[in-house]
Amino acid sequence: MNLVFLGPPGVGKGTQARVLAGQFGLTAVATGDLIRAEVVAGTPLGCEAKKYIEAGNLVPDDVIIKMVEDLLARDNRQGFLLDGFPRTIAQAEGLERMLRGLGRQVSAAVCLVVAEEKVVQRLGNRRMCPICHRVYNLLHQAPLVSGRCDDHPDAELILRHDDDPATVRHRLQVYRNQTAPLIDYYRQRSLLKEVDGDGPVEDVTGRIVASLSR
Ligand code: AMP
């Protein structure tokens with residue numbers, strides 16, 4: 001099973017990807033996490049990407065496509081789950097090309113749907129572990145100890161730079177302009193599964209699993 005996750009920032013893609021990858025034995029690939037790790041490591045790619053991420057813009061397609069291509073070529077599990085890729089039509093076409101070369105194809109594109117004002121509220125309350133990138137929500141998915149990751153208690157949870165309100169508004173605009181056209185792209189290929197992303201994590205996971213078996 002090779003899954004693509006679509007939806008605006010803050011819709012819950014990362015949380016669901018983590019749960020489902022564990023449940024189905026899939027390799028989860030979160031391009032945002034990969035790029036942030038490059039930024040922290042100060043690699044040439046990270047230095048180049050930093051300005052795009054901080055401004056809430058997309059990193060150029062060729063950089064991202066190459067990064068995903070390298071990963072998928074090494075994947076030897078039962079399939080993958082792409083969280084945050086593709087984000088443009090060019091990336092979706094790049095993905096199709098690279099999968100064809102590997103004798104694979106996208107099984108489904110899951111699009112999580114949540115009202116925009118809820119997404120903005122979620123991002124304002126989102127905190128991330130700087131070590132494992134696990135995401136918490138101060139309102140609905142708080143850590144066991146305030147401000148600390150459950151799995152890395154020494155690590156203080158952080159607010160991502162690009163989760164500040166002005167950058168969030170810009171990222172949502174970028175989503176509408178560049179990523180939302182993928183909904184039609186996958187609908188036309190009969191691969192689209194639109195799932196209500198509102199409510200408790202387990203309920204959303206249940207809806208995704210049900211949509212995949214239809
Ligand atoms: P995310 O963690 O998925 O919200 O991604 C954070 C940031 O990383 C985005 O705002 C982009 O700057 C960059 N990024 C992540 N995935 C991609 C992608 N597929 N294409 C271009 N930029 C990306």
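With respect to (1) near the ligand (Cβ under 8 Å from one of its atoms); (2) open to solvent by less than 10 Å² (accessible area, probe 1.4 Å), the lone exception for Asp33 is condition (2).
Of all residues in the stretch 112-122, those that are in a strand (DSSP E or B) and either open to solvent by less than 50 Å² (accessible area, probe 1.4 Å) or under 11 Å from Arg169 (Cα atoms) (or both) total 1.
Does Gly12 satisfy being at pLDDT 95 or above, more than 9 Å from the ligand (Cβ to nearest atom), surrounded by 15 or more Cβ atoms within 10 Å (Cβ to Cβ) and not aliphatic (A, V, I, L, M)?
Numbers: at pLDDT 95 or above: no; more than 9 Å from the ligand (Cβ to nearest atom): yes; surrounded by 15 or more Cβ atoms within 10 Å (Cβ to Cβ): yes; not aliphatic (A, V, I, L, M): yes.
The answer is no for Gly12.
Taking first residues from the stretch 133-158 that are among the aromatic types (Phe, Trp, Tyr) and partners that are in a strand (DSSP E or B), the Cβ contacts under 7 Å between residues at least 6 apart in sequence or on separate chains come to Tyr136/Arg127.
Of all the residues in the stretch 89-111, those that are open to solvent by 10 Å² or more (accessible area, probe 1.4 Å) and either more than 23 Å from Ser211 (Cα to Cα) or not basic (Lys, Arg) (or both) number 13. Within the stretch 45-57, the set of residues being of a type in the set (A, V, I, L, M, F, W, C) and open to solvent by less than 60 Å² (accessible area, probe 1.4 Å) comprises Leu45, Ala49, Ile53, Ala55. What is the one condition in (1) in contact (Cβ under 8 Å) with a residue 12 or more places away in the chain; (2) within 15 Å of the ligand (Cβ to nearest atom); (3) open to solvent by less than 60 Å² (accessible area, probe 1.4 Å) that Asn125 does not satisfy? Condition (2) is where Asn125 drops out. Beta carbons closer than 8 Å, at least 6 apart along the sequence or on distinct chains, pair a first residue in the stretch 76-92 that is at positive phi and of a type outside the set (Val, Ile, Thr) with a second that is open to solvent by 10 Å² or more (accessible area, probe 1.4 Å) and within 12 Å of the ligand (Cβ to nearest atom) for Gly84/Lys13; Gly84/Gly14; Gly84/Ala30; Gly84/Gly32. Only one of the numbered conditions (1) within 23 Å of Val135 (Cα to Cα); (2) within 15 Å of the ligand (Cβ to nearest atom); (3) surrounded by fewer than 13 Cβ atoms within 10 Å (Cβ to Cβ) is not met by Asp154, and that is (2). In this structure, does Gly42 turn out to be at positive phi, surrounded by 15 or more Cβ atoms within 10 Å (Cβ to Cβ), over 13 Å from the mean Cα position of the chain (by Cα) and modelled with pLDDT of 90 or more? Answer is no for this residue.
The values are calculated or read from the model by the stated rules, or taken from the named source; none is laboratory data. Remember, predicted model here, so these are calculated numbers, not experimental data. For neighbour counting, all protein chains shown are included, and Cβ atoms are generated from backbone atoms with ideal geometry for every residue, glycine included. These accessible areas exclude ligands, DNA and RNA; they are computed on the full protein's heavy atoms, side chains included. Shrake-Rupley method; radii C 1.70, N 1.55, O 1.52, S 1.80 Å.
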